[in-house]
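Worksheet: one structure, shown below.
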Amino acid sequence: MKLLLDENLPKRLRLDFPQHTVYTAREMEWAGISNGNLLSLMLEEKFDALLTFDKNMQHQQNFIKYSLCVLVLTGTINTYDEMKKLVPKINVILSTLPLPTGVTIVK
C-alpha cells in the first residue's frame with residue numbers, strides 16, 4: 001500500500017510501517033501545499049492513504065470529490081513517542097479492505 005505521511009507528523013513514523021511504501025510530504029516536495037491540492041496530488045500519484053495530525057481536514061474538504069483514506073492521528077502532541085502508540089490501530093485500519101474513504105479519527 002502506498003501511504004503519505006503528512007508534514008505535521010514525525011518522519012521517523014514511516015519506519016513503523018515496513019509492509020507499506022511510505023513517503024513523506026517533504027520527500028514528495030509537497031510541504032506547504034494546501035490540503036485540497038495535496039489530496040489531488042495524492043490521487044494523481046495513486047496514493048492509498050494519508051496519515052496526518054490535521055484535525056481540521058474533515059471540516060475543510062469534500063471527501064466525495066477526494067475518494068481517499070485519511071487517517072487523522074490524535075494525541076496530546078505529535079511527537080514520535082505519542083504517535084507510535086497509534087500504530088497498532090492504524091495497521092488494523094490499513095488491513096481492512098476496501099479502505100474507508102474520507103476521514104477516520106485514530107485515537
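For residue 22, nonlocal amide neighbours, meaning residues 5 or more places apart or on other chains whose placed amide H falls under 5 Å from its own, are 3.
Can you classify the chain as rounded, prolate or oblate using the Cα gyration tensor, where a ≥ b ≥ c are the square roots of its eigenvalues, rounded means a/c under 1.5, and otherwise it's prolate if a/b beats b/c and oblate if not? Working shown, then result.
On the way: a/c = 1.28, a/b = 1.22, b/c = 1.05.
Rounded shape, in that the Cα axes give a/c under 1.5.
Between the amide H of residue 69 and those of 50, 102, distances stay under 5 Å, these residues lying 5 or more places away or on another chain, with hydrogens modeled in the peptide plane.
Could you work out what % of the accessible surface of the chain is carbon and sulfur, using a 1.4 angstrom probe and leaving DNA, RNA and ligands out of the count? That share works out to 52 percent.
Entry note, the chain: relative contact order of 29 percent, from Cα contacts under 8 Å with a spacing of 6+ residues. Restricting the range 1-82 to trypsin sites (Lys or Arg not before Pro) that sit in a DSSP loop and have at most 15 other Cβ atoms within 10 Å of their own Cβ leaves 26, 46, 55, 65. Helical runs (DSSP H, four residues minimum) scored at -39500 (n - 2.57) apiece and divided by the length of the chain put the mean residue ellipticity at 222 nm at -6000 deg cm²/dmol. For the range 90-107, 3J(HN,Hα) computed residue by residue from phi via the Karplus equation (6.51, -1.76, 1.60; θ = phi - 60°) reads 4, 5, 4, 5, 5, 8, 8, 10, x, 4, x, 8, x, 8, 10, 7, 10, 10 Hz, glycine and proline entered as x.
The values are calculated or read from the model by the stated rules, or taken from the named source; none is laboratory data. Predicted model only: the values in this text are computed from it and were never measured. Positions of Cβ are generated from backbone atoms using ideal geometry, with glycine treated the same way; all protein chains shown enter the neighbour counts. These accessible areas exclude ligands, DNA and RNA; they are computed on the full protein's heavy atoms, side chains included. Shrake-Rupley method; radii C 1.70, N 1.55, O 1.52, S 1.80 Å.
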